[in-house]
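The values are calculated or read from the model by the stated rules, or taken from the named source; none is laboratory data. Bear in mind the structure is a predicted one, so any value in this text is a computation, not a measurement. Positions of Cβ are backbone-derived with ideal geometry, glycine not excepted, and every protein chain shown enters the neighbour counts. Surface accessibility is based on the protein's heavy atoms, side chains included, excluding ligands, DNA and RNA. Shrake-Rupley method; radii C 1.70, N 1.55, O 1.52, S 1.80 Å.
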Amino acid sequence: MLRSFRMPALALGLFLVLPAVASANGYLVTSCTDPLGQPNAAVGWVPFSTPGGVTANTCAGANGSLQARLPDPKPPSNATANWRFDAPPGTSIVRVTARRTTAGLAGPAPQLNDISYQMTGSNGQPLEECLVKVTSAPCNDLTGSIDRQGLSSTFVMFRVLCTEAGGTCNRALSVEATHMWVTLEDPAAPAVANVRVLDDGDTSGVLRVDFDAADVGGGLYRTIVKVDGKIAQASPLGPIPCADVNPSDTDPYQFNVPVPCPPLVKGTAAAIDVRKLKPGPHGVEVAVEDAAGNQTTVFGPVEFPKANIVTGSAVERAEALTGRLRMWFVKAKSSDRRRYTSTFGNRVVTRGVLRTRKGRGIVGARIDVYHIRSDGRRRLVKTGLKSRAKGALTLILPNNVDTRTLEFAYRAVRPGPITSRQRLRLTVRTRSGRVYHRNGKS
């Protein structure tokens, strides 16, 4: 009695339950059971059988399995039952881990051609095989787990069959798989289009962009926000099953269906709130990621919040964070140049300087100018006042200005809190000497 059991050299001796980790540019599809032991319906596995063959899928329940059987003790000629998983378009199978059990390989004396169990990839690539023939070596029933790596296959299939041409085989045969995990390679990154900056965040403090994206393979998984090169936020682009089935480990690319995420998204928004960042400028970037971990940059990297300086070396930009603002009325008395009384209709000029703690002028910084009226209302009137050479500033008020307080505000980063401010008190009188307020009060 001679039987044979063949296994590829790359897989010899692997009968432990090995973790199937998604490869670089790849993702894992779990079937029957996931890494946490939860059952799933084995989506993507398709049955086929001929007369004499039977398939069943009980994976959705506890202790479920994919089953392929030749139940008749004398299976008819060429009877077969098999399960097949096809890689989605744009992907290929690079690894298969399975826990399977056969029954019937070890049995009565074989005929010239008899029953067979096979697990194969595309182009007949054998993953494991047991042929019962009078000319082959002994083959016992299989139990435990296998792990096949280094593949490049468009499909994987396991089956039982009767190889007796024109007659019957002499035993029943079955295989039951309680764990079928497939790792898919997906080399293509998402395509991005129609990127729009909805808000640069300079005033609101929240940088907002939206975009369209498309992906071939596992689909569009997450919007990624990076701060200083590290992932700070990951937002899903689709509902379950577009979610990691095992969030407790370090591999986020594990799913339970072959195409877990949407192939197309439109008008997807991403936001970066300056209030959630540590103080100071940061390099921020928005990217879109597919189910295999391929990323395409949507926006950035840009500085946010930005150092409030147009140009300068790294040292100068760092020093700008210490900037101090000083403003005064040009025609005010030298004893207190922060207060000035003018006659309505006359031009009022203010000047100032913005310097670092070391006394260096800061060039190109934006200063916000608030006008505070007599009734207490505070209004941002000008955001485009910029420091010139040596940090110099000039603001000329309109001739029809009334009595008010002017507040000049410097923000070391934009958006960001006010880090230095100067208030000037302007009193405007009519030619008769009354204090002039546009609302009629004096």
Residue by residue through the stretch 21-56, note down the ones that are outside any loop (DSSP other than H, G, I, E, B), touching a residue at least 24 places away in the same chain (Cβ under 8 Å) and either aliphatic (A, V, I, L, M) or open to solvent by 70 Å² or more (accessible area, probe 1.4 Å) (or both). L28, V29, V46, F48, V54
Quick check on this structure: which one of V286, V274, V225, V298 is closer than 30 Å to V413 by Cβ, aliphatic (A, V, I, L, M), surrounded by 16 or more Cβ atoms within 10 Å (Cβ to Cβ) and at pLDDT below 95? V274
I115 touching an Asp or Glu at 6+ places or on another chain (Cβ under 9 Å), more than 18 Å from V175 (Cα to Cα) and either at pLDDT 95 or above or buried (at least 19 other Cβ atoms within 10 Å of the Cβ) (or both): no
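Per-residue answers, yes or no, for (1) among the small types (G, A, S); (2) within 25 Å of R148 (Cα to Cα):
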site	(1), (2)
N170	no, no
A188	yes, yes
A193	yes, no
D200	no, no
S204	yes, no
D210	no, no
T223	no, no
P241	no, no
V265	no, no
For the stretch 414-427, pairs from a residue that is closer than 12 Å to W328 by Cα to a residue that is at pLDDT below 90, with Cβ under 9 Å and 6 or more apart or across chains, are L424/A332
Looking only at the stretch 71-85, count how many residues are open to solvent by less than 70 Å² (accessible area, probe 1.4 Å) and part of a strand (DSSP E or B). 5
Looking at the stretch 329-358, which of its residues are surrounded by fewer than 20 Cβ atoms within 10 Å (Cβ to Cβ), farther than 30 Å from G280 by Cβ and in contact (Cβ under 8 Å) with a residue 24 or more places away in the chain? R338, R339, T341, T343, F344, G345, N346, R347, V349
Filter the stretch 301-328 for residues that are polar (S, T, N, Q) and surrounded by 15 or more Cβ atoms within 10 Å (Cβ to Cβ); the one that is nearest to P258 (Cα to Cα) is N308
Considering every residue within the stretch 191-200, establish whether at least one is over 20 Å from V94 (Cα atoms), modelled with pLDDT of 95 or more and under 16 Å from the mean Cα position of the chain (by Cα). yes
Could you look through the stretch 235-257, keep only residues that are outside any loop (DSSP other than H, G, I, E, B) and in contact (Cβ under 8 Å) with a residue 40 or more places away in the chain, and pick out the one that is surrounded by the most Cβ atoms within 10 Å (Cβ to Cβ)? F255
Members of the stretch 348-385 found to be basic (K, R), in contact with a Leu (Cβ under 8 Å, 6 or more places away or on another chain) and more than 22 Å from H437 (Cβ to Cβ), listed by number: R351, R366
